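For reference, the structure is listed below as structure tokens.
The values are calculated or read from the model by the stated rules, or taken from the named source; none is laboratory data. What you are looking at is a predicted structure, and each value in this text was computed from that prediction instead of being measured. FYI the Cβ positions are ideal-geometry reconstructions off the backbone, even for glycines, and counts take in every protein chain you see.
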Amino acid sequence: MTMYAVSSVGIYRDKYTPITNSDGTMKVQNEIIDTNTNELFSDCETVFEIENKYEMFWNRLNYDYTNSAIVKVVEVEELSDN
């Protein structure tokens, strides 16, 4: 079993400002990726491959630059299987 904890932030394309919470702090998205059950990540073997595929999926969702924000992964951690 290979699982990864991914933390990412959103950045608005105009003026390159971060997406924030209502209190003004940077909004961080945390997600657990299980390469055994998530087909999108099933071929990933390293934290770098997880990072690349995560950003590629979210930033190219519409296949163009019409989205108002981009996703940037700030940390990927491989989780132990204990």
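The residues on offer are Asn30, Asn38, Asn67, and the sole one that is surrounded by fewer than 10 Cβ atoms within 10 Å (Cβ to Cβ) and among the polar types (S, T, N, Q) is Asn30.
Checked against (1) farther than 15 Å from Ala5 by Cβ; (2) surrounded by 15 or more Cβ atoms within 10 Å (Cβ to Cβ); (3) in contact with a helix residue (DSSP H, G or I) (Cβ under 9 Å, 6 or more places away or on another chain); (4) not hydroxyl-bearing (Ser, Thr, Tyr), Glu55 meets all criteria but (3).
Checking each residue of the range 26-44 against the condition of being modelled with pLDDT under 95, of a type in the set (Phe, Trp, Tyr) and touching a helix residue (DSSP H, G or I) at 6+ places or on another chain (Cβ under 8 Å) gives no match.
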